[in-house]
Amino acid sequence: MKPNVCVYPGSFDPVTLGHLDIIKRACAIFAEVRVAVLNNPDKTKAFSVEERIAMLEKACQNLPNVRIDSFSGLLVSYMRKTGAGIVIRGLRSAGDFETEFQMAQMNSRLNESVESLFMMTSPGYAYISSSIIKQIASFGGDISAFVPDCILPEIIERFQNR
Ligand code: PNS
């Protein structure tokens, strides 16, 4: 049987409109899109894994075929455990390509039943990243064009209180 589930893994610290664009486009192809938030120990994250999941749940509330989950350890172990075979990732630039190429090759070496598929980012989102949004927010800049409206207040609040 052909797969009808894909996994969209990432840090989502926080989810951006670029991520949401990939999620929506994956929803048009797959019956279920599992957004998997990485929960590896990392003190540099601005939001806890619970906060990141809650923001994704809000941002995806109108997308019935999206499921938000988290994983720790290796992505290939999560794929094996959940029986999913397809990883979706977005590509914004040649820089992304270098990193993604290496990750896809390594994931396939670690678990050859994992297939990585890539979506080119939609033109309006090529320059958006969670890191640049956090930097702008930390200096009080306007990030409203880059993140879902429903999570904008909590991102602003997090950086106001730092
Ligand atoms: O949003 P990000 O930070 O670009 O996502 C990167 C992510 C989470 C997909 C990647 O770092 C990952 O899969 N980490 C889990 C650990 C792992 O499997 N490492 C080997 C990948 S080659």
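Work out from phi, with θ = phi - 60° and the Karplus expression 6.51 cos²θ - 1.76 cosθ + 1.60, the ³J(HN,Hα) of each residue of region 142-150, listed in order in whole Hz, and give x for Gly and Pro.
8, 10, 5, 8, 10, 10, x, 3, 5
Summing Lys, Arg as +1 and Asp, Glu as -1, what charge do residues with Cβ under 12 Å from the Cβ of Lys45 carry, Lys45 excluded?
Working: positive: Lys43, Arg52, Lys134, Arg158; negative: Asp13, Asp42, Glu50, Glu51.
Within the 12 Å Cβ shell, the charges total 0.
Which residue fluctuates most in the GNM of the chain (Cα springs below 10 Å): Phe146, Phe71, Phe101?
Result for the chain, Cα springs under 10 Å: Phe101 fluctuates most.
Suppose every Lys and Arg Cβ carries +1 and every Asp and Glu Cβ carries -1, with no other charges. What dipole size does region 37-152 come out with about its Cα centre, to the nearest 20 debye? Please list the in-between numbers first.
Details: 11 positive and 12 negative charges, 42 e Å.
Dipole magnitude for region 37-152 comes out near 200 debye.
At a 10 angstrom cut-off on C-beta neighbours, averaged per residue, how do the peptides 113-119, 14-20 rank from highest to lowest?
Working: 113-119: 15.3, 14-20: 23.1.
The densest-packed peptide leads the list: 14-20, 113-119.
For labels at Ser77 and Asp42 in the simple 7 Å Cα→Cβ model, what's the distance in nm?
A separation of 1.6 nm, rounded to one decimal place.
Quick one: what Rg and Dmax do you get for region 64-152 from the alpha carbons, in Å?
Looking at region 64-152, its Cα Rg and Dmax stand at 15.9, 45 Å.
Would you kindly derive the ³J(HN,Hα) couplings of region 8-13 from the backbone phi angles with the Karplus curve 6.51 cos²θ - 1.76 cosθ + 1.60 (θ = phi - 60°), listing them in order in whole Hz, with x for Gly and Pro?
10, x, x, 8, 6, 10
Readers should treat all values here as calculations from the given coordinates under stated rules, not as data from a laboratory. This one's a predicted model, so the numbers in the text were calculated from it and none came from an experiment. FYI the Cβ positions are ideal-geometry reconstructions off the backbone, even for glycines, and counts take in every protein chain you see.
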